[in-house]
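Please read the structure below before turning to the comments.
Quick note: the coordinates plus some simple rules give every number you see, no bench work behind them. Keep in mind that what you see is a predicted model, and the values were worked out from it rather than measured. A quick note on method: Cβ atoms are made from the backbone with ideal geometry, for glycine too, and the neighbour counts reach across all protein chains shown.
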Amino acid sequence: MNEITYGKAKYKDALRISVLLKTVYIQTYAVDGITFEFANFITKRFSTNYIEQVIKENPNQLIVAYQNGNPVGVAEILYHSICPIRKISVPELSKLYVLERFYGKGIGFGLLQEVEKEIQINGYKECNLEVYIHNARAITFYKRQGYVAIGNVDFPMEFNTYENLVMNKVLEKERSSAK
C-alpha cells in the first residue's frame, strides 16, 4: 500500500531525513554541479547530528511525509524567525522538500497543510517563507496556495549570495465542522 501519512520527525529517522534533505537540495540547487561552497553547506546544514539536535530540541519543528513508513518529504518550521522585510517575528516555513519521484502526488500540498495547521495550533496567524528567485516551480506552487511576494533578500553562503523571494500568507481561521 502506498498511503502517505504525516507526522512529527522521529529521532530514529534523522539519518533518512538527512539523506532526503541533501538529495532534494542537490536536485534543486546544484545547477552548476557540486561546488565546494555548496558541499560544505549541505554537509553541515543537513548532517545527521544536526537533524538529531533539531528533533531533540524542538520536536514540532520538522514534519515528515511518509510512504510505507519511509520519509519522502519534509517541512521545517522556524518559530523564532524575523521577517527580513517587515522586521517582525513571524513563523517561517524554512523548508518544504519532496523527493522528485514523488512530485505531483499532493505530498507538498499535504506537508504545507500540516505546517499551517501546526503554526495555527501554536497561536500564530501568518507564515513567511523564502524561496530561491529562480525556483519557478516552487514560486508557482506557493502562489497557488495563497502566498504573496513581499520582497527580496539575499541568502549568503561562504563566498556568494543568492537572491530569494520572501513570501507571506495570512492563515485562515480553522473552520469548525459544526454548522
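Being in contact with a Ser or Thr (Cβ under 6 Å, 6 or more places away or on another chain) and either more than 18 Å from Gln145 (Cβ to Cβ) or not aromatic (Phe, Trp, Tyr) (or both) holds for only one residue in Thr5, Thr35, Thr48, Thr43, and it is Thr48. If you go through the range 20-35 and keep only what is of a type outside the set (Phe, Trp, Tyr), surrounded by 14 or more Cβ atoms within 10 Å (Cβ to Cβ) and under 24 Å from Glu52 (Cβ atoms), you end up with Leu20, Leu21, Lys22, Thr23, Val24, Ile26, Thr28. Filter the range 137-159 for residues that are assigned to a helix (DSSP H, G or I) and within 16 Å of the chain's Cα centre (by Cα); which is surrounded by the most Cβ atoms within 10 Å (Cβ to Cβ)? Ranking the candidates gives Tyr142 first. For Lys169, the conditions (1) within 26 Å of Ala9 (Cα to Cα); (2) over 14 Å from the mean Cα position of the chain (by Cα); (3) not in a strand (DSSP E or B) all hold with the exception of (3).
Collect the residues in the range 125-136 that are under 17 Å from Gln27 (Cα atoms) and in a strand (DSSP E or B), keeping them in residue-number order. Correct list: Val131, Tyr132. Would you be able to say whether some residue in the range 45-59 is in contact with a strand residue (DSSP E or B) (Cβ under 6 Å, 6 or more places away or on another chain), in contact (Cβ under 8 Å) with a residue 40 or more places away in the chain and loosely packed, with under 13 Cβ neighbours inside 10 Å? Yes; the residues of the range 45-59 include at least one that is in contact with a strand residue (DSSP E or B) (Cβ under 6 Å, 6 or more places away or on another chain), in contact (Cβ under 8 Å) with a residue 40 or more places away in the chain and loosely packed, with under 13 Cβ neighbours inside 10 Å.
Annotation: of all residues in the range 78-102 being over 16 Å from the mean Cα position of the chain (by Cα) and basic (Lys, Arg), the one that is surrounded by the most Cβ atoms within 10 Å (Cβ to Cβ) is Arg86. Scanning the range 103-116 for residues that are part of a helix (DSSP H, G or I) and surrounded by fewer than 16 Cβ atoms within 10 Å (Cβ to Cβ) returns Phe109, Gln113. Considered as a group, the residues in the range 117-133 that are surrounded by 14 or more Cβ atoms within 10 Å (Cβ to Cβ) and either small (Gly, Ala, Ser) or more than 16 Å from the chain's Cα centre (by Cα) (or both) include one that is farthest from Ile82 (Cα to Cα), and that residue is Gln120.
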